[in-house]
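For reference, the structure discussed in these notes is given below.
The values are calculated or read from the model by the stated rules, or taken from the named source; none is laboratory data. Quantities reported herein were computed from a predicted structural model and do not represent experimental measurements. Here the Cβ is made from the backbone with ideal geometry for all residues, glycine too, and neighbour counts use every protein chain on show. Quick note on the areas: whole protein, heavy atoms, side chains included, nothing else; ligands and nucleic acids left out. Shrake-Rupley method; radii C 1.70, N 1.55, O 1.52, S 1.80 Å.
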Amino acid sequence: MRIRWFIFLAVFLIQEFQSAAQSFEPFHLQFTKKDGLPSNLIYDHIFDQRGILWIATDAGLTRFDGAEMRTYTTEDGLPSNDIFHLFLDKKNRIWMKSLRSEPCYILNDQIHTIHNDDLLKRLGKLSWHIFQSDAYNRLWGSSQQNNLILLDSNDQHTMFPIGKVISDIQLYKDVVIVSTDDHVRLFNLQNLTYQNIPLK
């Protein structure tokens, strides 16, 4: 009798476990050109603070609000249709790394470039390829010219020449860690002083 009861209990628990596991299967959607994307080659994607999905492709930047897709291209003002990387800052600006060496961001569905934005005119033809945002609402980025760029909360910028190609920027507590192939530079976020640590 006990064996029969034990077998019944074991079968019941296995069935319950299987049905519970099936109910937690992840939900996913797949978008292709058939659904409105300009290309099937996707480099990056990000959600903005309004919950809108932005998709970076080799044929433009696509905005998806859950119902409709709209693609921005050079005809809408993008510096290039090849958008490789997206970064959302605390002001809900989506910064883009594109094929052209120009800073660019989108805010409230409007494209900002050096042709229509005073901040970007001041930055000039700098292609940002790494982005980080710190606890002081400042934006950190690296440029192809081996500069570390800091945008403060008032969009005033400071450039720190690094002299080497920046491979990574990380934030840890009150420090920005800037890595190159032969040294790490540690920036103190409170007073913006730094120290170099050779890797060799």
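Quick look at the numbers
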{"read-out": "Failed condition for Leu41, given (1) at pLDDT 90 or above; (2) under 25 Å from Phe131 (Cα atoms)", "value": "(1)"}
{"read-out": "Test set (1) over 19 Å from Val175 (Cα atoms); (2) surrounded by 16 or more Cβ atoms within 10 Å (Cβ to Cβ) - Gln132 fails condition number", "value": "(1)"}
{"read-out": "Residue under evaluation Gln190, criteria (1) over 28 Å from Gly51 (Cα atoms); (2) open to solvent by 80 Å² or more (accessible area, probe 1.4 Å); (3) not in a loop (DSSP other than H, G, I, E, B), criterion not met", "value": "(3)"}
{"read-out": "Strands (runs of 3 or more DSSP E) lying entirely in region 61-164 (those with 1 or more residues that are touching a Leu at 6+ places or on another chain (Cβ under 9 Å) and touching a residue at least 40 places away in the same chain (Cβ under 8 Å))", "value": "83-88, 94-98, 105-107, 128-133, 139-143, 147-151"}
